[in-house]
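One structure is given here, and the rest of the page talks about it.
Derivation of every value follows stated rules applied to the coordinates shown; laboratory data play no part. Keep in mind the model is a prediction, meaning the values are calculated, not measured. Here Cβ is always computed from backbone atoms with ideal geometry, including for glycine, and neighbour counts include all displayed protein chains.
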Amino acid sequence: MRTTPIQKVVEYNNTRIEIHGGWREVGGNCIVVRDGGRKIVFDNGIRFKELRRFYSGRVEPLGVAELRDLGIIPGPEVYDKAEALYISHAHMDHIGLLSAVPLDLEVVLPDMQIAEETLFSWYRGSRTWLAYLLPTYRTKIINARNLSEDSHGVIAIPVSHSAYPANSFLYLGKNLTLFYSGDLRLEPLALANVQDLGEVLKKLGIDSVDVALIEGTNFSLELEHFPVTPQLFRESLTYALSIYDLVAISLDPLDLEALLFILSSASMFGRYVAISSKRLLWALDYLRESLGYNLQNVYVALEVGSTPRTPVDTVELAEVINQGKDYILVVEPVAFLEILRKLRLWIRELEFTNSAVILMDPEPRESIKEVEENTIARWLRTLGFEIYRLRVSGHYLPHQLRELIDILKPKTFIPIHTENPLPMETVYKRAMRS
Ligand SMILES: [Zn+2]
């Protein structure tokens, strides 16, 4: 098997940091740290840009070996003699294909149970390559240890991101302290278990780190929309709820922070939330069981055909549609399309007036879209919905890099997960000069 070239090597005080994916590209994060006799790996990402170059439509990956050979997933040398593989979160450009990980390697996930109830259960039995995402039943998986050091010298720090839960990692090595950001934003949409990075480092007594690997997704080369901050999002949603009857929101089923945000907006407006996707049910269980959240204004649509473990009332979609003013309908893209098509068949004369759909586009460059947004939009228009796109980035905004650098004060700064590292380096140099 071909060994994929290492994209970049940084040496620091007898420690070797190898970037196997994520250097001058968004996606495919894979970082190997060799510190004395110890080797640990951060993330196991799929390089989407490469994946899209080789596959489309019915041209699908033949297996792990082919993906490795094309350099789309990390080569076997990445895992060789490693103590542990740390996964920052479940976006595919970070979690990657766990079936490709050797059985004797310890895989550290932010939360095994959530992974099982989301990705693993969605893709188990999938007839596409997405089935390779699943670990085998013999893979050694453990939960990350949050806020204290584990046996490999790693501390997981829960951070805000558009996939929940997400971790940054601090490695307290023999020869250095290293910070690996994973993906993170500095302004959470909702708190859940998210921690303030500055506060955590202060509590750990860490004033500065030797090396910081920082994502720069929002330092883009493409033309971007003006960023929607949580505050702008709140205002837009408030506006939509005040002018429209039924408001439906389509979101990434991993985005628990967004769901929490919608739940709190709904109760502010005296609306019920109707959940109409099976893939969102895990979040109701988690909110109730792990965060003690009160779900009294939440309903699950009968048409979902299954219910969460936690007791939640059910409602018929016809009721939600008839009493649109009283509800926010929450869906995710895959189920949304199914529901829309069924609705058209059931209720032929159905036409929504004064109803809006907000598409919270999942991170466009971080995952495979199972339904194209344009397809959903076309179906929605046949039903008379107004369609809006409103996305809060899962990543910190460019002007906030300075804040991150001030928190970490890294002696060596390595920008990753961006095509445009130069402005990041400029911000770093200026920050360190002053
Ligand atoms: Zn991500």
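Relative to the longest principal Cα axis of the chain, at what angle does helix 333-346 sit, 0 to 90 degrees, rounded to 10?
Helix 333-346 sits at roughly 20 degrees to that axis.
Residues of the stretch 18-42 with backbone nitrogen within less than 19 Å of a virtual label 7 Å along the Cα-to-Cβ line of ASP361, please, listed as ranges.
Hits in the stretch 18-42 for ASP361 at 19 Å: 26-27.
Compute the FRET efficiency between ALA65 and LYS8 as 1/(1 + (r/R0)^6), taking r as their Cβ-Cβ distance and R0 = 25 Å, and round to the nearest 0.05.
Working: r = 25 Å, r/R0 = 1.01.
Between ALA65 and LYS8 the formula returns 0.50.
Along the charge dipole of the chain, Cβ charges K/R +1 and D/E -1, which of SER355, ALA274, HIS94 sits furthest on the positive end?
It is HIS94.
In nm, to one decimal, how far is the TRP346 label point from the ARG433 one, both placed 7 Å along Cα→Cβ?
The two pseudo-label positions are separated by 6.3 nm.
Please list 352-359, 143-150, 24-31 highest first by mean number of surrounding beta-carbon atoms within 10 Å per residue.
24-31, 352-359, 143-150
How far apart, in nm, are the 7 Å Cα→Cβ label points at GLU289 and ARG24?
Taking the simple label geometry, GLU289 and ARG24 are separated by 4.6 nm.
Using only alpha carbon pairs under 8 Å that are at least six residues apart, calculate the relative contact order of the stretch 230-389 and give it in whole percent. Present the calculation step by step, with values, prior to reporting the outcome.
On the way: 238 pairs, mean separation 49.4, N = 160.
Rounded, it is 31 percent for the stretch 230-389.
I'd like to compare 125-134, 256-265: which one has the highest average count of other Cβ atoms within 10 Å, and what's the full order after that? Don't skip to the answer; put the middle values down first.
On the way: 125-134: 15.1, 256-265: 22.9.
Answer by packing, highest mean first, reads 256-265, 125-134.
Among ILE40, ILE249, ILE206, which one shows the biggest mean-square fluctuation in a GNM of the chain, springs joining Cα atoms closer than 10 Å?
Maximum fluctuation in the GNM of the chain, among the listed residues, is at ILE206.
Sorted by packing (mean other beta-carbon atoms within 10 Å per residue), highest first, where do 398-409, 422-433 land? Before the final figure, lay out each step's value.
Working: 398-409: 17.5, 422-433: 14.2.
In decreasing order of mean packing, 398-409, 422-433 become 398-409, 422-433.
Mind putting a number on the dipole of the stretch 191-291 about its Cα centre? Charges go on the C-beta only, +1 for Lys and Arg and -1 for Asp and Glu, and I need it in Debye to the nearest 20.
Working: 7 positive and 14 negative charges, 98 e Å.
The dipole of the stretch 191-291 has a size of about 480 debye.
How much length is gained if the chain between ARG58 and ARG309 is pulled fully straight, taking 0.36 nm per residue apart and subtracting their Cα-Cα distance, in nm to one decimal?
Between ARG58 and ARG309, full extension yields 86.6 nm more.
Find the relative contact order for the chain and round it to a whole percent, using C-alpha pairs within less than 8 Å whose residues are 6+ positions apart.
Dividing the mean separation by the residue count of the chain yields 17 percent.
What full-extension length gain, to one decimal in nm, is calculated for LEU191 and ARG16 as 0.36 nm per residue of separation minus the Cα-Cα distance?
Full-extension gain reported as 59.4 nm.
What shape does the chain have by the C-alpha gyration tensor, where a ≥ b ≥ c are the square roots of the eigenvalues, rounded means a/c under 1.5, and otherwise prolate means a/b greater than b/c and oblate the rest?
Prolate is the answer for the chain, as a/c is 1.5 or above and a/b outweighs b/c.
For THR426 and GLN323, compute 0.36 nm times the residue count separating them, minus their Cα-Cα distance, and round to one decimal in nm.
Here the segment from THR426 to GLN323 would lengthen by 31.7 nm.
To test your reading of the geometry: what angle, between 0 and 90 degrees and rounded to tens, separates the Cα axis of helix 230-243 from the longest principal axis of the chain?
Relative to the chain, helix 230-243 is tipped by roughly 10 degrees.
Helix 422-433 against the longest principal axis of the chain: what's the angle in degrees, Cα atoms only, rounded to the nearest 10?
Between the helix axis and the principal axis of the chain, the angle is about 60 degrees.
State to the nearest 20 debye the size of the charge dipole of the chain about its Cα centre, where the only charges are +1 on K and R beta carbons and -1 on D and E beta carbons.
I would put it at about 700 debye.
Decide, for the stretch 1-156, between rounded, prolate and oblate: order the square roots of the alpha carbon gyration tensor eigenvalues as a ≥ b ≥ c, take rounded if a/c falls under 1.5, and otherwise choose prolate if a/b is larger than b/c, else oblate.
Here the stretch 1-156 falls in the oblate category.
For the pair GLN231 and LYS81, what calculated FRET efficiency results from E = 1/(1 + (r/R0)^6), where r is the Cβ-Cβ distance and R0 = 56 Å, to the nearest 0.05?
0.70
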